[in-house]
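The values are calculated or read from the model by the stated rules, or taken from the named source; none is laboratory data. All values derive from a computational prediction rather than experimental measurement. Cβ placement follows ideal geometry from the backbone for every residue including glycine, while neighbour counts extend to all protein chains displayed. For accessibility, only protein heavy atoms count, side chains too; no ligands or nucleic acids. Shrake-Rupley method; radii C 1.70, N 1.55, O 1.52, S 1.80 Å.
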Amino acid sequence: MNKFVFLAAMAVSATMLVSCDDDEQVVPPTLSVDLDGAVLNVGAEGGSSVVSCTIDNPAADGELSATTEADWVTLTCTDNAEIAVEAKANASIESREAVVAVKYTYGDAELNAEFTVAQAGAEITADYMFTEPYVAGRVANMMGMTYFALYVSEQEIPEDFELPYNPEYVYYSIGLFDVEDGKPKAGTYSLGSGAGYFNAAAYGTAEAPYYNPMTEGTLTISYEGETVTLLISMTDGYEKTHYISYTGTPRFE
């Protein structure tokens, strides 16, 4: 064989070998979440779960992360391509969902995936239960003390609504003592008087149609834009339980 032809053939063979080696080195990573339907189902009681991810062709500098906007879910990524999911208990009878964004970064590149944490609502029974009530309220003053007068009713609340009032349906008069920007501050309150507390009475109940004061309970209020979420659980002096769950846009004056 001509020496020049032989050397040229060797050069082509070497180039092909290098090209093959280069192709193997640049196979990019892939990311997937190992969940049927990409949904993690969680009971109302909450608890810990682990979601596994599959990363094919992992990069030496690759890093897995997970985030969510839900404040009831805590996420922790491990070195084993696993995501530890901690869900708080759901005190509402309404189910809820949280979308988890999963990211795998390497170099200047990133891969994305997601899954949903679906939590069941609590199984709650109560003597008086309202899950779609009407809610209204306004800042009020009594004996030099500013508070927020919150009204919750099973029927639409008239704009000229004033106490005392004895309707043929149940409604609640609730006083919240922490007011900010003309509305109750977000947080969890206990039944009592003063900052960090609320007081409440029911009107129109079978036990006490005109005035039925609550003896113990908790109230949680939160905001997302104009949307208000209320969760109230109370007991009256007749040992009757009252449960209120509300998410919507109330009529706050």
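Some notes on this structure:
- Label-to-label distance, nm, for residues given as Ala208 and Ser222 (7 Å Cα→Cβ offset): 3.2 nm
- For the chain, the solvent-accessible area with a 1.4 angstrom probe is 59 square angstrom per residue.
- Asn141 versus Ala59: modelled label distance in nm, points set 7 Å from Cα along the beta carbon direction: 6.3 nm
- Each Lys and Arg Cβ is given +1 and each Asp and Glu Cβ -1; about its Cα centre, the stretch 52-130 then shows a dipole of about 180 debye.
- The charge dipole of the stretch 165-238, taken about its Cα centre with unit charges on the Cβ of Lys, Arg, Asp and Glu (plus for the first two, minus for the last two), comes to roughly 100 debye.
- Sorted peptide list for 209-216, 154-161, criterion being average Cβ within 10 angstrom, highest first: 209-216, 154-161
- Only helices enter the 222 nm calculation for the chain: every DSSP H run of n ≥ 4 contributes -39,500 (n - 2.57), and dividing by all residues gives -3000 deg cm²/dmol, rounded to 500.
- Here the chain is assigned +1 on the Cβ of each Lys and Arg and -1 on the Cβ of each Asp and Glu. Its dipole about the Cα centre then comes out at about 300 debye.
- Amide H partners (placed H, <5 Å) of Gln155, local residues excluded: Tyr134
- Maximal additional length on extending the Thr235-Ser52 stretch stands at 61.5 nm, based on 0.36 nm per residue less the C-alpha distance.
- Options [x] 0.93; [y] 0.97; [z] 1.31 - which one matches Rg/Rh (Cα atoms, Kirkwood Rh) as calculated here: [z]
- By a 1.4 Å probe calculation restricted to protein chains, Ser153 has an accessible surface near 10 Å², given to the nearest 10.
- Among beta bridges that DSSP assigns inside the chain, antiparallel share in %, nearest 5: 90 percent
- Rough spin-label spacing in nm, given labels placed 7 Å along Cα→Cβ, for Ile124 and Thr76: 3.0 nm
- Cα gyration tensor category, rounded, prolate or oblate, for the stretch 120-253 with a/c compared to 1.5: rounded
- Here the relative contact order of the stretch 109-253, from alpha carbon pairs under 8 Å that lie six or more residues apart, stands at 22 percent.
- Helix 3-25 axis, angle to the chain major axis (alpha carbon atoms, nearest 10°): 10 degrees
- Anisotropy class of the stretch 87-152 from Cα gyration tensor, a/c 1.5 cut: oblate
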